[in-house]
Structures are given as C-alpha cells and as structure tokens.
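Asker: Encoded as structure tokens, here's the structure I'll be asking about.
The values are calculated or read from the model by the stated rules, or taken from the named source; none is laboratory data. This one's a predicted model, so the numbers in the text were calculated from it and none came from an experiment. No Cβ is skipped: glycine too gets one built from the backbone with ideal geometry, and neighbour counts run over all protein chains shown.
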Amino acid sequence: MLLRRLREVMAEPAPAQLRLDRITVLIASNMVSEVCSLYVMRADKTLELYATEGLNREAVHLTAMSAGEGLVGLIATNAEPLALQDAQAHPAFSYRPETGEEIYHSFLGVPVLRGGNTLGVLVVQNRTHRVYTEEEVEALQTTAMVLAELIASGELQSLGGAGQEPAARGPLQIRGAPLADGLGLGHVVLHEPRIVIGNIIARDVEAEIARLETAIGEVRSSIDALLERGDIAHGGEHRDVLETFRMFANDQGWLRRMREAAKTGITAEAAVERVLSDSRARMLRSTDPYIRERMHDLEDLANRMLHRLIGKDPVRSRADMPDNAILVARTMGPAALLDYDRARLRGLVLEEGGQTSHIAIVARAIGIPVVSELENATSLVEAGDAIIIDGGTGDVQIRPSPNVESAYAEKARLRARRQAQYRKLRDRPAVTKDGVAIALQLNAGLLVDLPNIVETGAVGIGLFRTELQFMIAERMPSAKDQQALYSAVFQSAGDVPVTFRSLDIGGDKLLPYMPRIEEENPALGWRAIRIALDRPALMRIQARALLRAAQGRHLRIMFPMVASCSEFARARQLVQGELEWLQRSGGKVPSKLSLGAMIEVPSLLFEIDEIAREADFLSVGSNDLMQFLFAVDRGNKLVADRFDTLSRAPLRAIRHAVARASLQGCPVTICGETAGRPLDAMALIGIGIRSLSMSAASVGPLKAMVLALDTRPLAQLVDAALDDPHGPEVLRTLLAEFAKREKIPV
C-alpha cells in the first residue's frame, strides 16, 4: 500500500520539495511514527536535512552535519541500518536544537544506497522507547531504495545551493593512478553498463517472487552447464574459479535476502539490485582483500540475474558511442579496448589496472589518457555524464562545474599548442648542442602503433612487443598469422630499423588459452626466455615467422629476462638453427641477423663483459631491472614508490654496463618507462646512453630536451655525483636544478 502511494506521489507534476514533504508524511503515517526525515548527501560530503515530518520544518536545508557526525552520520559512514530504543543514550548522538528532536527517544535510520554508494539517510523517530521490528527495518530499506532513484535522477539538484548539490548528481573530483598521459574531455560510456531498473514497485508480489525463483534456477543451470563443458571439466584454476562462482550462486543467505526483499513489494529486479547494493556497501568498507575480491563475484552473479529477468542483453552498441567518449570500466582487456572506435575515444577510467598492465600499454599505443585505481568508479557515474580525465596527474572530474570545465578546456588548448610545437621538431635530428646524436625510437606492439613513426619523426622501433599479438588473440597465433604481422610491421616501418622482442609471456602476462601456473612470485618465475627455452617449439615457430617476414631486411631480435650467457647462447642456437633450415630449403633470408639480450636480471650485470662479446647489442629493460635491483614489486602499491629511478644504485649499474659494453663495441639502448621521462632520460644520456626507446607521446618532449642539452657539463655533474661516496642518494633534485639553470625543458 505504501509503495503504491509513493509511486503516485513521485509521479505527480509537483515541485520537488512539495513531493519530498508529502513522501515524509506518507512514510511517517505508514510506520506509525511521529517523525520521518530525509537527509541527503551533498557534494561537499555533508548530510543536509531535505525534508521532515515531525521535526521543525524551518530546519530543512539549514541543518547539516559531516559524514560520521551524529547517528545520521554514523549510518552514512557504516552504510548499515541502526535501530535504537533510546537514541539519546547512544554515544554518537548529536543534539541539534533547531530541529526540536529532543522529545523523541526511539530511532530507526537506514542508508539510502545506490550501487553501493550512500546517497542519504532516511530516519523515523518516536517519543516512546519503541522496539522496531525486522519487518519495519525491511520496509524502511525498501522505501529508501525508491528514494535513491529519486535522488539519483537529479530532480533534487535545484534544491541545493552552489557547491551543496546532492552528491549523487553533483560535481565530484577524485584522484587515481595516472597510467597514460594526456587530457580527455567528454562523456561517460560504461564498458559494461549497469542495468537501469525502471520499475521498482511490484503490482503482483507473488508473480515477482516466481520470476525471481525462475531467474535463480536459470543462473544456476547456466553455471552448471558451463562447468560440464569439455574444456572446463578436466580441472585447472579456471574450474576452481567457476566452482567458487557456483558456490556463491547457491549461497542461501544471499538468496534468502533477495526473496525477503521481493516480499516487501518491489519487483524481482529491484530485489536483486537492493541486495547487491547493500552487500556492495558493506564489502567496500571491509579491509579484508578476500572479501573485497568476492564483491566482484557477487556483482557478476547479480548482473546475470538481472539479464535473465530483463530478458535481453543491455550492453550498449559500440556504434552508438558519442563523439567524445570516455570509457569507464572495472577492468578490461586490451582486445576489448581495441574493439572501440578510436576516432571517438578520448580516454579510459579503470577501477583496476597497473602502470605496466597490458591495457595501459595498449592505451598508450593508441594515444589515449588512462587513470586507474579509482575505487567504485563504475558506480559513481551514469552513462552520458560529463567527465574530464588528466592522465598526467590522475585527476578525474565527474560532472564538472562550468569553471572547472573551462579551466581544463584551456589546459587542453595549451597542451595542443605544445604538441604543435613538438610536431615542428619532427624532422629535426635529435642532436645535442655539442653535436652528440641521440637515437629516439618507439616502443610498439600493434600495427596501430606504426603510423607514429612518421608522425613523431622517430628513427626506428627500439622495442616491438611480440606478445601483444598473442594476448589479444582467442587462440595461439599460427606461424602464418605471426609472419603476416611481422611482414606488415616491416612494410609499415619502411627503411627504419625494427627490434623485435621474442615472446615475453608469463608472470602478469597471461594468455587466455594457456593454463595458468600458480607461482608464489610470478615476476621471478617461469616467464619470458625461460618458457621459450623449456618449450623450444614456441621460439622456433616465432623465429621462423620473423626470418621469413624479413626477406632481405636487417632482422634484429632481442631475448627478454636473460639471466646468464648460457641462456643467451641456447636462444641464439635455436634462432640460428631456423636460419640454417630456411637457407637449406631455399627460402629468402634476412640480409643481416642481429641478436641481442635484455639487461633486466641483475645477474647479467656481473657477466657484462661476456654477454657484450656474445651479443650484437644490449637493451636495458628498466621496468624489470628496477624492481629486481630494489626487490620491489612494481605492481604493489604498498612498496612501488619506495625507490626512485634516479637513485645512485640503478644509475651506477647502467653506467657500468654501458662502459663495459662499449669496450667490446656492443651498443646499449634503454627501452623501459624511464626512457620516456625527460629528466630521467637526461640522466641516462649523462651516463653514456645514446639510444632510447619510448611511447610515441614522449618523443616530442624528449627531442626538445635533447636539442637544448650540452652533454659535457651534464656528464661531469652526473659522474661527480655518482662517484662521491657522500653525494646525494637520489639525483633528481640535482638534475632538476641543472635543467633549470641551463634552460633545458624537462
């Protein structure tokens, strides 16, 4: 009865405040309470009294409290109901004289939740020391769910002053981890859109319960069928994951809460959404990583349920994307990103994803900014919301105010002008003021990267990541598939050199069609050249494809994660064997074959003389070398920032490698993230590096730095600092001061 009357009031063509006032009267009457009050969470993270029946009406829009203050703030913080016989005896009770609530003793408050986010708090109060039943708590929670849709719709925006709008639709600034530089201004496109429930209130409760039971049965059956499939039935980690998923689908507590929610008079879809929202709110506040991980299982199950209830796939057609699309996703793979129209894509926001994750690598390759580690991002936005992301700082502006939007638009114009200045440098050789040539090359891994050679004026591809082709494919690429890609790379590259890194999988680079090996320390485990040497057919097939694709060109191959000269020798022998086979069979061969090793494992630094004699070239993979030198997992937020790339230790190690390799006439390049940052690159030039490989966006800034640089005073400064036992442990400040003094743009 209450829900039906609420629906009628919400549909009335009346001002928002009048409807809120009528709603509080209805709830108070139905709950047999003297007081019903609605507090709404504002954009400034305070709770404002928006409507009341029973308290002083003059306190509406005047009474506000911070989240965590008083009983209302406690409910908002914990996202859980609170029922008290004597509210004033509770230690969190906060007395507000303007409301006149001192005469009321019993108190029942529930959070107004949507997508796990607290939009407000709904409260009823009585003068007597009343005990609220579980049924009354359930009824108020159901009512709060209806109000959540009203708040989220934006209808209450006009009731708040500037900066005090409801947080559900007000401006929001959050900061995450910057993964790919750039500015993106546009509108939200949810990668996996939430299912919007249009009908919350049930017309026939029994029919809704029956629909819910049918959906539960269908979801269980679909999971059972998946587990019986031939490719799943034989075990492995993927089966364990699905077994856990099935356990959740049969969890009686979760199912019971959905059934009880449906019995309160809401639709089956609304029952699923309400239980999911309540569970998500609790899990988000947990510090237990296991519980937080299970949240994703619960979300997936709820989405399966909603799909069944609605009876259609609600995923938006990618052809309907707006022209300025900012993708928002919990997580996604590189193949999914490449499915979107690049011409319309302006940026990517992720709840999960690290600096060296594959999605970040692909995003940098196609030139869009990325910000990650934004908790609950998919629930903070609605499709079509205005959004700005800054891939340089990690800032994300959701529904920005006109002033903020204007400021970022100006920042984007300045950035565009700076990029135009960099483009003017495209055809100028990267030569320092004292005549030292610095080779600026690109990191690549997909055909979409190749046009960047011409656009940036890079002199080659210093790192072509061959594993990306394997990662975005649904099956293992055949020798024919690999050869076609490598031939296309050579054709697109024209006359510039290309260095192919042999397959670098394992660790965090998992192939969807290969069984995952459980390892305590994957970064130190079975990966890269170790897999290639243990499974030589993989390397032979890839080497054959590369050799055939080269056809009269200079072919450069480098092996990742080489830990000893003997490993390099074995890998070289495999490639040489394929070359000899190709020559015997009369096939076309490369005009020249150069084989190199990547310096990533510190042990190779202590065999630098030997490896420099054996290899045709060396390349420092700074990402892995740094984490191994400092014993720091770069994907672990607790320790990833505990070292600086401009510390003495790595600079001394690289300087030693360059000096010893030069005695053997073996060139050394850098191809990690360090090479793409102007100040870091300047330090590398100071210790003797003359070739750097980076993302396309970094070429312009680095060329501007090189053109303004004199290497002689730089080398003297760096050598003196590294040789001084009492010198600075980190050279960043010293180098920044040098750049400022010499007017070098970094």
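Asker: Test each condition in (1) surrounded by fewer than 17 Cβ atoms within 10 Å (Cβ to Cβ); (2) modelled with pLDDT under 95 for residue 626 and report the one that comes out false.
Answerer: (1)
Asker: If you go through the range 203-224 one residue at a time, do you hit one that is farther than 30 Å from residue 392 by Cβ, polar (S, T, N, Q), at pLDDT 85 or above and not assigned by TED's automatic domain parsing to the domain that holds residue 345?
Answerer: yes
Asker: Here is a follow-up. Please specify each residue of the range 387-404 satisfying the condition of being under 19 Å from the mean Cα position of the chain (by Cα), outside any loop (DSSP other than H, G, I, E, B) and surrounded by fewer than 19 Cβ atoms within 10 Å (Cβ to Cβ).
Answerer: Start the filter on the range 387-404 by keeping residues that are under 19 Å from the mean Cα position of the chain (by Cα), which leaves 387-398.
Then keep just the ones that are outside any loop (DSSP other than H, G, I, E, B); that gives 387-390, 395-398.
Hit for the range 387-404 is 395, nothing else.
Asker: Condition first: farther than 16 Å from residue 108 by Cα and at pLDDT below 90. Can you find one or more residues in the range 32-42 that meet it?
Answerer: Looking through the range 32-42, at least one residue is farther than 16 Å from residue 108 by Cα and at pLDDT below 90.
Asker: Ok, one more. Residue check: is residue 589 over 26 Å from residue 492 (Cβ atoms) and of a type in the set (Val, Ile, Thr)?
Answerer: In short, no.
Asker: Go through the range 551-560 and count every residue that is crowded, with 22+ Cβ neighbours inside 10 Å and at pLDDT below 95.
Answerer: 0
Asker: Out of 709, 717, report the one residue that is crowded, with 17+ Cβ neighbours inside 10 Å, under 16 Å from residue 433 (Cα atoms), in the same structural domain as residue 622 (by TED's automatic domain parsing) and not β-branched (Val, Ile, Thr).
Answerer: Being crowded, with 17+ Cβ neighbours inside 10 Å, under 16 Å from residue 433 (Cα atoms), in the same structural domain as residue 622 (by TED's automatic domain parsing) and not β-branched (Val, Ile, Thr) holds for just one of 709, 717, which is 709.
Asker: Is at least one residue of the range 34-53 of a type in the set (S, T, N, Q) and crowded, with 23+ Cβ neighbours inside 10 Å?
Answerer: In the first step, residues of the range 34-53 are kept if they are of a type in the set (S, T, N, Q); the result is 37, 46, 52.
Right, trim to crowded, with 23+ Cβ neighbours inside 10 Å and you get 37, 52.
Yes: one or more hits.
Asker: Within the set of pairs 6+ apart or on separate chains, which have a first residue in the range 519-544 that is polar (S, T, N, Q), a second that is crowded, with 16+ Cβ neighbours inside 10 Å and outside any helix (DSSP H, G or I), and C-beta atoms under 7 Å apart?
Answerer: Sorted first by the residue in the range 519-544, then by its partner, the pairs are 542/466; 542/502; 542/503.
Asker: Which residue, of 552, 577, 586, is in a helix (DSSP H, G or I), more than 22 Å from residue 465 (Cβ to Cβ), without any contact (Cβ under 8 Å) to a residue 40 or more places away in the chain and more than 37 Å from the chain's Cα centre (by Cα)?
Answerer: On the way: 552 fails: in a helix (DSSP H, G or I); 586 fails: in a helix (DSSP H, G or I).
Just a single option satisfies the conditions, and that option is 577.
Asker: Could you check how many residues of the range 620-639 are in contact (Cβ under 8 Å) with a residue 24 or more places away in the chain and out of contact with any Pro (no Cβ under 9 Å at 6 or more places or on another chain)?
Answerer: So the count comes out to 7.
Asker: Further, regarding this structure: Which one is surrounded by the most Cβ atoms within 10 Å (Cβ to Cβ), of the residues in the range 562-606 that are of a type in the set (Lys, Arg) and within 17 Å of residue 530 (Cα to Cα)?
Answerer: Among residues in the range 562-606 that are of a type in the set (Lys, Arg) and within 17 Å of residue 530 (Cα to Cα), the one surrounded by the most Cβ atoms within 10 Å (Cβ to Cβ) is 572.
Asker: Within the range 55-71, identify whether any single residue is surrounded by 16 or more Cβ atoms within 10 Å (Cβ to Cβ), small (Gly, Ala, Ser) and in contact with a Phe, Trp or Tyr (Cβ under 8 Å, 6 or more places away or on another chain), and answer yes or no.
Answerer: yes
Asker: What number of residues in the range 634-678 are surrounded by fewer than 17 Cβ atoms within 10 Å (Cβ to Cβ), at pLDDT below 90 and either among the acidic types (Asp, Glu) or farther than 27 Å from residue 696 by Cβ (or both)?
Answerer: 6
Asker: Of the conditions (1) in a helix (DSSP H, G or I); (2) more than 23 Å from the chain's Cα centre (by Cα); (3) not basic (Lys, Arg), residue 464 clears all except one; give me its number.
Answerer: (1)
Asker: Next question, about the same structure. At pLDDT 95 or above and within 25 Å of residue 430 (Cα to Cα): is that true of residue 691 in this structure?
Answerer: yes
Asker: Residue 459 - would you say it is within 30 Å of residue 488 (Cα to Cα) and under 20 Å from the mean Cα position of the chain (by Cα)?
Answerer: The answer is no for residue 459.
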